[in-house]
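Contents: one structure, followed by commentary.
The values are calculated or read from the model by the stated rules, or taken from the named source; none is laboratory data. All values derive from a computational prediction rather than experimental measurement. Counting neighbours? That spans all protein chains shown, and the Cβs are built from the backbone with ideal geometry, glycine included.
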Amino acid sequence: MNVVLTVEDLGISFGSNHVLKSLSFEVGENEVLGVIGPNGAGKTVMLNILTGILKATKGKVSFMGNDITKKSVTERCRMGFGRTFQVPRTFENMTVFENVIVGGVYGDHLSERQAKERAVEMLELIGLLDRADWMAGKLSLLDRKRLEIGRALASNPKILMFDEVAGGLTESEVEGILQIVQNIKDRGISIVWIEHVLKTMREGTDRILCLAEGRNVICDKPDTVMNSKEVCELYLGAEEDEPRQKNS
Amino acid sequence: MDIIQAIVSGVLLGGLYALIGLGMSLIFGIMKLTNLAHGDLMICGTYICMVLAANFTGNIFLALLITIGVMVLLGFIIQNGLVNRVIDKGSGPSLLVTFGISIIIQNLLLQVFGADAQAVPNTFSSSNVISTQYLTISSIYLLNFIVAVGVIVFLSIIMKKTYFGMAIRASSDDATAAELMGVNTKRMYALTFALAMATAAVAGLLVGMTFVFYPSTGTNYLIIAFGVVVIGGLGSLMGTLVGGIILGLAQLLGGYFFGTGWQLVVAYIVLLVILALRPQGLLSKAVRK
């Protein structure tokens, strides 16, 4: 497996609050890495560091073999990073089509014609082509989440970061998101996916990393992680077989 | 003055007011930055244009083109070299930077040109388009209005139809999300400031052609710009035109009904009433948070 992203001894502190203490992991090419952990474990902070929004206090982030620790958000996007947010941050005063086209023009330096073609392709992929001229602010939560994915895809990313993309959605809506994730994976894009919906993590990821108190507790195949003693104790509660009950 | 005259003059004056407020509205709309130096930068443009027309070009429109170039460059340098360095640290530091620029410009103008009132000589201010017993329309007032509408429509097209405008709107909606799409938001801010200074140069020339000015006049126009953008809605280009017209109308109708001494009082009472009833301005959407 070719490694796309390498995180080594990553740490960040806000005053005396050490949110991430020492985090190391790798993401392979075309791999979906799920990230789970209790609230306050540092999952979103980790994504913010990986995308350049926050600067790490220590550690190193490498992308395709290049040290990107000091690269800006914009530079990382142009290198191949895409991201969605827990609460969708679409450009609400712009149309769905315009939202997507910005990614193509500025994230991938496409010409006008190419950006339009890319936008149509992405809107088709996420199922929003029929609402291309809607204002993004008028979309439902599910559609705004889809739009964020489409917008990120338009910049031609090599790795996508999802922050609770299935959060707040119904079971059937989650199925739709899983299908989109599969389609993205089929395009050879790697994904780092934070989620609290464990069933989704089990079905939609290749490996799962469990974070707690700013460290990686375990990183392995979904079933191994879900049934591990560490996850039972640190994330789901004290009883070892509780996760199996919760996910059944 | 007949009421028709007051209404027509108010609307036309509103056009100039809209142009004065346009740059401030643009900067606030995109960067959420209140540019306290806006009036002084505009008057700086007026002086540059006056000097160029009188001593070098001999042609007011050629002088304007050069002034626009100078102001665009100045705007880019101010944003890129000063404001961008503090814009991430909240509104306070940026506000202080623009306040500092305002003081520097006023004192520089005072040193170079003295405190005497000046005007940009032109043929428009001394001629009328319509001059009847019932209605008089000054050429310069009509020119102000036409230019204001033209500039606002032109800017609206840039914002709506170009990728540059799209990137600016994306940066305004959510700067972090825009950066994640590859948009260099700091560069967009600098270009926005430069664009605002281009409009300030045009407004500055028209102000100089319409009224007398002196180094500290910028403060008066800053207050007018505030009124315009607050009434119309901060960040709304069409709102700026509406805000300018309402302020111009309120001022002239206030003068018609209560006497010229009440012009500004009435204008700012209208501003306060609109603020109380619709704090986000007439044409701006309420902020959803």
Is one or more of the residues making up the range A:114-128 surrounded by 16 or more Cβ atoms within 10 Å (Cβ to Cβ) and farther than 24 Å from residue A:191 by Cβ?
-> yes
Quick one: is residue A:97 at pLDDT 90 or above, surrounded by fewer than 23 Cβ atoms within 10 Å (Cβ to Cβ) and either part of a helix (DSSP H, G or I) or of a type in the set (D, E, K, R) (or both)?
-> yes
Scope the range A:66-77; condition surrounded by fewer than 22 Cβ atoms within 10 Å (Cβ to Cβ) and either touching a residue at least 40 places away in the same chain (Cβ under 8 Å) or touching a strand residue (DSSP E or B) at 6+ places or on another chain (Cβ under 7 Å) (or both); matching residues = A:67, A:68, A:69
Assuming residue A:96 fulfils every condition listed in (1) within 11 Å of another protein chain (Cβ to nearest Cβ); (2) in contact with a Leu (Cβ under 6 Å, 6 or more places away or on another chain); (3) hydrophobic (A, V, I, L, M, F, W, C) apart from one, which condition is it?
-> (1)
Determine, yes or no, whether residue A:175 is under 19 Å from the mean Cα position of the chain (by Cα) and more than 10 Å from every other protein chain (Cβ to nearest Cβ).
-> yes
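Could you say which residue among A:81, A:91 is over 19 Å from residue B:173 (Cα atoms), crowded, with 24+ Cβ neighbours inside 10 Å and within 11 Å of chain B (Cβ to nearest Cβ)?
Values: A:91 fails: over 19 Å from residue B:173 (Cα atoms).
Exactly one of A:81, A:91 is over 19 Å from residue B:173 (Cα atoms), crowded, with 24+ Cβ neighbours inside 10 Å and within 11 Å of chain B (Cβ to nearest Cβ), namely A:81.
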Which numbered condition residue B:250 misses (of (1) crowded, with 22+ Cβ neighbours inside 10 Å; (2) among the small types (Gly, Ala, Ser); (3) within 14 Å of chain A (Cβ to nearest Cβ); (4) in contact (Cβ under 8 Å) with a residue 24 or more places away in the chain) = (3)
All conditions in (1) within 14 Å of another protein chain (Cβ to nearest Cβ); (2) in contact (Cβ under 8 Å) with a residue 12 or more places away in the chain; (3) surrounded by 15 or more Cβ atoms within 10 Å (Cβ to Cβ) are true of residue A:133 except (3)
Mind listing just one residue for me: the one in the range A:100-114 that is more than 25 Å from residue A:142 (Cβ to Cβ), more than 8 Å from chain B (Cβ to nearest Cβ) and in a helix (DSSP H, G or I) and, of those, modelled with the lowest pLDDT?
-> A:113
Exactly one of (1) crowded, with 21+ Cβ neighbours inside 10 Å; (2) within 18 Å of residue B:83 (Cα to Cα) is unmet by residue B:48. Its number?
-> (2)
Helices (runs of 4 or more DSSP H) fully within the range B:197-289 counting 3 or more residues that are farther than 30 Å from residue B:69 by Cβ | B:237-258, B:263-277
Which residues, counting only those in the range B:1-33, are among the hydrophobic types (A, V, I, L, M, F, W, C), assigned to a helix (DSSP H, G or I) and more than 10 Å from the chain's Cα centre (by Cα)?
-> B:3, B:4, B:6, B:7, B:8, B:11, B:12, B:13, B:27, B:28, B:30, B:31
Restricted to the range B:179-196 and to residues being part of a helix (DSSP H, G or I) and facing chain A (nearest Cβ under 7 Å), the residue surrounded by the most Cβ atoms within 10 Å (Cβ to Cβ) is B:180
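Mind listing whichever residues of the range B:266-287 are surrounded by 13 or more Cβ atoms within 10 Å (Cβ to Cβ) and modelled with pLDDT of 85 or more?
If the condition is that a residue be surrounded by 13 or more Cβ atoms within 10 Å (Cβ to Cβ) and modelled with pLDDT of 85 or more, then B:266, B:267, B:268, B:269, B:270, B:271, B:274, B:275, B:278 are the ones that fit.
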Go through the residues of the range A:34-42 one by one and say whether even a single one is without any contact (Cβ under 8 Å) to a residue 24 or more places away in the chain and over 14 Å from the mean Cα position of the chain (by Cα).
-> yes
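Let me confirm something: among A:124, A:164, which residue is free of Cβ contacts under 8 Å to residues at least 24 places away in the same chain, under 26 Å from residue A:79 (Cα atoms) and away from chain B (no Cβ under 14 Å)? Write out each step before concluding.
Details: A:164 fails: free of Cβ contacts under 8 Å to residues at least 24 places away in the same chain.
Within the list A:124, A:164, the selection yields A:124.
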Count, please, the residues in the range B:129-170 that happen to be within 14 Å of chain A (Cβ to nearest Cβ) and either assigned to a loop (DSSP other than H, G, I, E, B) or under 24 Å from residue B:4 (Cα atoms) (or both).
-> 1
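A quick yes/no check of all residues on (1) touching a residue at least 24 places away in the same chain (Cβ under 8 Å); (2) among the basic types (Lys, Arg); (3) more than 29 Å from residue A:94 (Cα to Cα):
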{"residue": "B:96", "(1), (2), (3)": "no, no, yes"}
{"residue": "B:102", "(1), (2), (3)": "yes, no, yes"}
{"residue": "B:105", "(1), (2), (3)": "yes, no, yes"}
{"residue": "B:125", "(1), (2), (3)": "yes, no, yes"}
{"residue": "B:134", "(1), (2), (3)": "yes, no, yes"}
{"residue": "B:155", "(1), (2), (3)": "yes, no, no"}
{"residue": "B:160", "(1), (2), (3)": "no, yes, no"}
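For the condition more than 20 Å from residue A:106 (Cβ to Cβ) and within 12 Å of the chain's Cα centre (by Cα), what is the one hit in A:205, A:200? I'd like the intermediate steps shown before the answer.
Values: A:200 fails: within 12 Å of the chain's Cα centre (by Cα).
One residue alone meets the criteria, A:205.
Condition check ((1) touching a strand residue (DSSP E or B) at 6+ places or on another chain (Cβ under 6 Å); (2) more than 30 Å from residue B:255 (Cα to Cα); (3) among the polar types (S, T, N, Q)) across all residues:
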| site | (1), (2), (3) |
| --- | --- |
| B:13 | no, no, no |
| B:24 | no, no, no |
| B:46 | yes, no, yes |
| B:49 | no, yes, no |
| B:73 | no, yes, no |
